[in-house]
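One structure below.
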Amino acid sequence: MTTVTEHYAKHLAPIYLWMAGGAAAALEAGAAEIGALNLPLTHGAVVLDLGAGFGMHSIPLARRGARVIAIDTSAELLRTLTEIGSGLPIQTVNDELLEFQRHISEPPSAILCMGDTITHLPDLKAVESLIERASTELPPGGTFVVSFRDYSVPLVGNGRFIPVRSDDSRILTCFLEYESETVLVHDILHQRTPDGWQTQVSHYRKLRLSPDYLVAKFQSSGFNVRREPGVRGMVRLVGQMV
């Protein structure tokens, strides 16, 4: 079975910015999402972006005056972040999400884990550990934001085939295969080459996390939490430390 890190390194990372519609469109969308959160951040506040990728949220945060620690397992995506976020106060870290505590030297004002990143964790124990570690590091009033896709209710039939993006040279389709606690995600990429169309297929597992489960875990870890619609059909949880 391909791991999340392997899947991104070999399959998704080289096309991820294309998937998001290009840098300008992705950063505009990220800035709108950050603006909608209305985080109570002072200038120079430390913000952790877990699963930062190419900087869809890190760059808008830094442009608003935050000092961002951007953590991701994909070195290629972090290189892209460094390129398009040049000159901004962003520290990139190539590491696992659960290791974020090793990379902070002062309490963060906010921790973000957005874009369905939390479902990449290996099991529910890891999810609970991430929430607990966030609650440990955030001061009273600090904010923990998670956005994710609700895979708890399976899609059926043709609904399991999800067109992601296409243009004259690429077509990316996702197919979901549901298991008891996880969903097997197949990313099917067709690319036009000088020798004709070529197909690449890779798959990996995501967790099936229900919003009610995560809300309960936020609350038991000391967060006041609100649930709201996220972008692209995701669920967003915004927790504030009591």
| Quick check, is residue 141 surrounded by fewer than 16 Cβ atoms within 10 Å (Cβ to Cβ) and under 13 Å from residue 239 (Cβ atoms)? | yes
| remark: With criteria (1) touching a helix residue (DSSP H, G or I) at 6+ places or on another chain (Cβ under 6 Å); (2) modelled with pLDDT under 95, residue 217 comes up short on (2)
| request: Look through 71, 59, 34 and report the one residue that is closer than 17 Å to residue 119 by Cβ, surrounded by 23 or more Cβ atoms within 10 Å (Cβ to Cβ), β-branched (Val, Ile, Thr) and under 15 Å from the mean Cα position of the chain (by Cα). | output: 71
| said: Taking the condition of being of a type outside the set (Val, Ile, Thr), in contact with a strand residue (DSSP E or B) (Cβ under 8 Å, 6 or more places away or on another chain) and not in a helix (DSSP H, G or I), how many residues in region 123-166 meet it? | reply: 18
| field | Answer from 93, 68 - the residue that is over 16 Å from residue 146 (Cβ atoms), part of a strand (DSSP E or B) and free of Cβ contacts under 8 Å to residues at least 24 places away in the same chain | value | 68
| Going by the structure shown, is residue 204 assigned to a helix (DSSP H, G or I), surrounded by 13 or more Cβ atoms within 10 Å (Cβ to Cβ) and at pLDDT 95 or above? | no
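The values are calculated or read from the model by the stated rules, or taken from the named source; none is laboratory data. In this text, all values refer to a predicted model and were calculated from it rather than measured experimentally. Positions of Cβ are backbone-derived with ideal geometry, glycine not excepted, and every protein chain shown enters the neighbour counts.
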